[in-house]
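Notes follow the structure.
The values are calculated or read from the model by the stated rules, or taken from the named source; none is laboratory data. No experiment lies behind these values; they were computed from the predicted model shown. Quick reminder, even Gly has a Cβ in these numbers, built from the backbone with ideal geometry, and neighbours come from all protein chains shown.
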Amino acid sequence: MTEPGGAPITEKFDIEPVRLDRDRLRASLADADAAIMVLCAVHATGDTSLLDRFAPLVERTVPEGPPARPAVVSMSGDRRAELVDVLVDALCGDPVTPHLIIDDPKMFVSMAALAVGAPVDEEFASLLLEQSGFVPAQPVVKRTRRPESNQRIAILGAGMAGIAAGVYADRSGFDYEIFERSNDIGGTWRTNTYPGVAVDTPSLYYSYSFDLNAEWSRYYPVGGEYQEYLRRVVDRFGIKSRIRFETEVTGLEWIESDQQWEVRSIDAGGETSTARFTAVITAFGYLNRPKFADVPGRETFSGTTVHTAQWPADLDVAGKRVAVIGAGATSVQVVGAIADQVGTLSFFQRQPHWVMPKNTQPAAVPDGERWLLANLPFYNQWFRLRTYWGASDNMYDVVRADPEWMSSHLSISPANDAVMQFCLGHIHDTFSDRPDLAAAMTPDYAPAGKRLVRDPGNFYSSLKKPNVEVITERIERIVPEGIVTADDRTHELDIIVHATGFTLDYLSPIEILGRDGVALNDVWKGDDPFAYLGGTVPRFPNLFVTSGPNTSPGHGGGHNFTVEAVLHYIFECLQLLVENDGRAIEVTADATDEYNERVAQQLENSVWNTQTGANTYYRNKAGRVTLPSPWRMVDFWTMLRTPDEDAFTVS
């Protein structure tokens, strides 16, 4: 198989010989996915004829709703027993080295089609191989030289992106240092400890492709469990010794005479320092500073004010009069978690989100499946591939508008309407006896106009509790006693919880000075960022942004997808610098302008441009869509395989 551009797959993970316990394997396979069992049998034996023998016997029951909902996969008892025997005979005798079987792209996509239960085009093959963890990200720029010892990289942030950047830097031979302003790793999953905090991307996909995790206890893990996963990655790859904790970067300046970045920082004791680096990778995302509701009088409240990103460990809500301001994913989780504990709960909602019901699969990953994920060769990779496929480009049509359809529907396309009907069904099922709540929770814009939210299973039901009130009146002001709404009603409170998200920063808190002293904040005018492929900016050589404008896939996937795709590209650019014996690599203004013209054209027919009535941080103050990527994930991933040398100057 080849990567885009004809480069062969040259790097593979080591495959160790295995010998499994016969009884444990049989017991664990009792409820395993039949399609993935067939694929694992092929890997275990190297016999691709098993596909012809067993694939036609796989049965699927597809639930109603959007295409992301997983099918129930089964196989009749006698034939399933035969398949189990094949796996047991292959893996429970003498140690055997499983066969990778990836060299034939047609064979791989036919196997992928069996895993997902739908045709898979060959254009997805290389992406699926990497994202599912079958092979590492493949280098495309030729490697004839290694980085010099003085070619050091500063990585800003030790969350998901910063940790992965360290792994990529080490793999590529670069010396590096990570600056982290807190005393621990984890980013989002260190900061958010509020009640009910959880990952709303499936756990078996929301991890690094180079470090698949078999220890998830839940299909959608709680935040603390994800933080533990990141800690294990840091330990496994020796990242911690490279992190400078409690050190906040306050400024970056390009020193033209030395072709280096000077990084200014301040530590917990208030001591400032500077250090020089060849390149800088910003890896702290664009949502860092907690944003409180912009309401007059917030400081006058005599009770306790809390932001969900700053939840006190000792906060006791039992029996208290609590308000939750905000209606997004965080508030959904908080409301469901505390409704049974509080005395009263006032849920202040400016605009409802479209809320999808809880997944039908059980919350906990069964012990047998966890054992298979950890021990049965390639079971984890195929499970990850299936999970990714269901929540990726299959959902792209949901965010693409059909003007003819829009002329007579609230939804923007048939695919978008399928999501809307799914969510409306959840509203009807929950609030059929409460038309007031049904009306309050039904949005007046198309799904995905603002972020879709997953009900953890207790959000909608909590709103019906006698101690919970949904308040849609505008908040007029905050007073010592509580919150006053536009109807001149005073809601007396003990605790106000701001589940109001973060300020969309795009590096604005840091002074970044490029060539000739130009400030990035001036170029981006605060909230109007442009970049080439989301991550490089003219006049800012050797500066790479991992969470840049228009890089977040708004229709599916997870942040881990963007992180890995962008980091692969960054280190391809850095290798281009090494190969050309250069000191600076800089994107041209022409390439940046041309790329952003294409972004604007692709966004024209998107849900974010057509649903201007949806209040969302996806758009800046001028109404321009700055956050979501307009591309299919496979298209963006392919763009990031290797830099176009004509788009850069290397000096």
* Selection status of L452, in the same structural domain as T300 (by TED's automatic domain parsing), within 17 Å of K358 (Cα to Cα), modelled with pLDDT of 95 or more and buried (at least 20 other Cβ atoms within 10 Å of the Cβ) -> no
* Asked: Does any residue in the stretch 517-531 that is more than 13 Å from G251 (Cα to Cα) and assigned by TED's automatic domain parsing to the domain that holds T592 come within less than 9 Å, Cβ to Cβ, of a residue that is among the hydroxyl-bearing types (S, T, Y) and part of a helix (DSSP H, G or I) six or more places away or on a different chain, and which pairs are these?
  -> F530/T592; F530/Y595; A531/T592; A531/Y595
* **the stretch 335-365, subset in contact with a Pro (Cβ under 6 Å, 6 or more places away or on another chain) and either free of Cβ contacts under 8 Å to residues at least 24 places away in the same chain or aliphatic (A, V, I, L, M) (or both), residue farthest from D200 (Cα to Cα)** => I338
* Asked: Given the structure, is V484 in contact with an Asp or Glu (Cβ under 9 Å, 6 or more places away or on another chain), buried (at least 17 other Cβ atoms within 10 Å of the Cβ) and either without any contact (Cβ under 8 Å) to a residue 24 or more places away in the chain or not β-branched (V, I, T) (or both)?
  -> yes
* Would you pick out the residues in the stretch 442-497 that are within 25 Å of the chain's Cα centre (by Cα), among the small types (G, A, S) and outside any loop (DSSP other than H, G, I, E, B)? -> none
* Is one or more of the residues making up the stretch 178-194 of a type in the set (S, T, Y), farther than 16 Å from E248 by Cα, in the same structural domain as E262 (by TED's automatic domain parsing) and in contact with a helix residue (DSSP H, G or I) (Cβ under 6 Å, 6 or more places away or on another chain)? -> yes
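To keep it simple, each residue is scored yes or no on (1) in the same structural domain as R451 (by TED's automatic domain parsing); (2) touching a residue at least 60 places away in the same chain (Cβ under 8 Å).
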site	(1), (2)
Q259	no, yes
E271	no, no
A283	no, yes
V317	yes, yes
R321	yes, yes
I325	yes, yes
A329	yes, yes
V332	yes, yes
* Matching residues in the stretch 100-114 - criterion: being closer than 15 Å to Q381 by Cα and free of Cβ contacts under 8 Å to residues at least 60 places away in the same chain -> I101, V109, A113
* Only one of Y379, Y388 is within 30 Å of A415 (Cα to Cα) and either in contact with a Phe, Trp or Tyr (Cβ under 7 Å, 6 or more places away or on another chain) or of a type in the set (S, T, Y) (or both); which? -> Y388
* If we only count helices (runs of 4 or more DSSP H) wholly inside the stretch 100-172, which ones have 3 or more residues that are out of contact with any Gly (no Cβ under 6 Å at 6 or more places or on another chain) and assigned by TED's automatic domain parsing to the domain that holds Y379? -> 105-116, 125-131
* Within the stretch 411-461, tally of residues that are charged (D, E, K, R) and closer than 25 Å to P221 by Cα -> 4
* Please work out if R370 is closer than 19 Å to A499 by Cβ and among the charged types (D, E, K, R). => no
* Just to be sure, is V578 touching a residue at least 60 places away in the same chain (Cβ under 8 Å), assigned by TED's automatic domain parsing to the domain that holds P195, out of contact with any Ser or Thr (no Cβ under 8 Å at 6 or more places or on another chain) and within 30 Å of G133 (Cβ to Cβ)? -> yes
* Filtering the stretch 60-83 down to residues that are of a type in the set (A, V, I, L, M, F, W, C) and surrounded by 19 or more Cβ atoms within 10 Å (Cβ to Cβ), which residue is modelled with the highest pLDDT? -> L83
* Members of the stretch 118-156 that are closer than 24 Å to Y206 by Cα and among the β-branched types (V, I, T) -> V120, V135, I155
* To do: Mind listing whichever residues of the stretch 206-230 are of a type in the set (D, E, K, R) and either at pLDDT 95 or above or assigned to a loop (DSSP other than H, G, I, E, B) (or both)?
  => D211, E215
* Can you name the number of the only condition in (1) outside any loop (DSSP other than H, G, I, E, B); (2) at pLDDT 90 or above that E16 fails? -> (1)
* To do: Report whether or not N550 is surrounded by 20 or more Cβ atoms within 10 Å (Cβ to Cβ) and either at pLDDT below 95 or assigned to a loop (DSSP other than H, G, I, E, B) (or both).
  => yes
* Does A55 meet the test of being assigned to a helix (DSSP H, G or I), crowded, with 19+ Cβ neighbours inside 10 Å and modelled with pLDDT of 95 or more? -> no
* **E11 acidic (D, E) and outside any helix (DSSP H, G or I)** => yes
* A32 at pLDDT 95 or above and of a type in the set (A, V, I, L, M) -> no
